[in-house]
Amino acid sequence: MILRKAIVILIATVILILPFLVSATPLVPCGGTGQKACTVCDFFVGIKNIVDFLTEAVAMPVAVIILIYGGVMLLTSGGSEDKIRKGKSALWQAVWGLIIVFAAWLIIDTIIKWLANPSVFLFGPWIGPWNSIPGCN
């Protein structure tokens, strides 16, 4: 039963991720034919692209699937304490998982921005666009 649920979650995740893979852009915008030469900034952009992909294309669909699973368990529990407990547990696990993923994203994003241009953090203004790496534009 657990294996069957894992297979269903895996298949649903693959189906949700495929559109992102089809429209995928390269990890770094350099080094290819007719493109500029790679710099250190492109390394940071590549790491940021990987982290963003894992956050947006993997963690979010999995969390949505688990939230739907928990909601269905609650709706179809029929008063069964075991199903209610499993449904609530799935919902809380999905919420905590998203909190952990976004906290990790924030920490990694801050570290990448600091490594790319430490002077921005030392001499300010270090609060800037959340989706760009300072000094790598």
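Please list, ordered by first then second residue, the pairs with beta carbon atoms under 7 Å, 6 or more apart or interchain, first in segment 72-89 and closer than 14 Å to K5 by Cβ, second among the charged types (D, E, K, R) and in a helix (DSSP H, G or I).
M73/K83; M73/K86
Please work out which residue is farthest from L10 (Cα to Cα), limiting yourself to segment 49-63 and to residues that are in contact (Cβ under 8 Å) with a residue 24 or more places away in the chain and of a type in the set (V, I, T).
V51
Run S77 past the list (1) among the small types (G, A, S); (2) surrounded by 14 or more Cβ atoms within 10 Å (Cβ to Cβ); (3) out of contact with any Lys or Arg (no Cβ under 6 Å at 6 or more places or on another chain) and report the number of the one that doesn't hold.
Condition (3) is where S77 drops out.
Every number in this text was worked out from the coordinates using simple rules, so none of it is lab data. Predicted, not measured: the structure shown is a model, and the values here were computed from it. Every residue, glycine among them, receives a Cβ derived from its backbone with ideal geometry; neighbour counts consider all protein chains shown.
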